[in-house]
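Nothing in this text is a laboratory measurement; each read-out follows from the coordinates by a stated rule. Here the structure is a predicted model, which is why all the values come from computation and not from measurement. FYI the Cβ positions are ideal-geometry reconstructions off the backbone, even for glycines, and counts take in every protein chain you see.
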């Protein structure tokens, strides 16, 4: 008997569809599907219902691009948040990590990725025109570049900083600082972080 | 502004629900959700629809316990498959891996796991009573124990072999053999596989 006649179609289709998600290969997709089927049946339904609600209700904020369940996100539409500070991040989850601190009172701008030539992602694939538009419109006091502290995040930051310096002569542009991670050991710190942590000493 | 007021509920709920899936912690669940939201919107809907269909239609075969979209699976209900051979595996995906070879013509028995005292999984949590029932009913010529080639799979195999020997004196019980993996190098083989591969030489 041919394998296709034996293997349940709903499992095959679910595995195939999960491989459409970035970073999920066939192995990761199978693992997801079979582990999902290990969950007791009420919880399985709950999981799928929350995913259904997720894909139905989440979109990108028309202003900053963050993932939100509103047309304009809770941050952009809050009059207490100052549009004089724009924090530029790669992805929504970066902004939400900063939000968790409950200290930043400005707004965000989500690039939707980082410049990664090896993956074919260039500046044109990021939400940079919209950033320039927003700077034009809101005339912020400061733009904080908070791309990730790695090679691609650095390259993206440098690209944007150069562009902004050229177009907005008096704009204050800052970059989040490197340093030692809280709870880490100097002994095991990488050289760049240690060096930056000494340079940026207060 | 409190983080809960800013963080979209559908994202929060989706991450929380995914952590109900075995092996998914908060990090893996976040990664799944945010990567899902990177998928273009038609594909997102397709993914969730296939998952909906998966959890609605897939159940355990009332006979062998394999994951199937029928009451009795395609294997058990096929008159060309011999119930005189029962291959005992830990999980449905193990049986489907064997099915992919399109060589085995007997039936399966899915244990639903393996004995793992450290995770609190004991023999009582596995479908062993049902296996005894099926052996009683079908009087197979051979029971093939195909639990995984690792410590827990071995312990589970040994437990079942001992039990079957006690209850069914004339039953032929076999264990899948260890050996070198196809495409591997003797130089890098682990000792157990190499030893077994010499022992089991034909």
Alpha carbon centre of the range A:1-65 versus the range A:137-202: separation in Å? 37 Å
Helix-only estimate, please: 222 nm mean residue ellipticity of the protein assembly as shown, summing -39500 (n - 2.57) across DSSP H runs of length 4 or more and dividing by its residues, to the nearest 500. -13000 deg cm²/dmol
Restricting to Cα pairs below 8 Å that are 6+ residues apart, what does the relative contact order work out to for the range A:34-153? Please round to a whole percent. 23 percent
Residue mean of other protein chain beta carbons inside 10 Å, B:83-95: 1
Peptide-level mean, for B:26-33, of C-beta atoms on other protein chains within 10 Å: 3
Taking only the Cα atoms of chain A, how large is their convex hull per residue, in Å³? 206 Å³
Descending Cα extents along the principal axes, the protein assembly as shown, whole Å: 90, 46, 36
What whole-number value in cubic angstrom gives the convex hull volume per residue for the C-alpha atoms of the range A:3-57? 93 Å³
Using the alpha carbons of the range A:75-175, what is the convex hull volume per residue in cubic angstrom, as a whole number? 96 Å³
Of A:96-102, A:108-114, B:128-134, ordering from highest average Cβ density within 10 Å down gives A:108-114, B:128-134, A:96-102
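Taking every residue in A:68-79, how many Cβ atoms of other protein chains lie within 10 Å of its Cβ, on average?
Across the residues of A:68-79, the mean count of other-chain Cβ atoms within 10 Å is 2.
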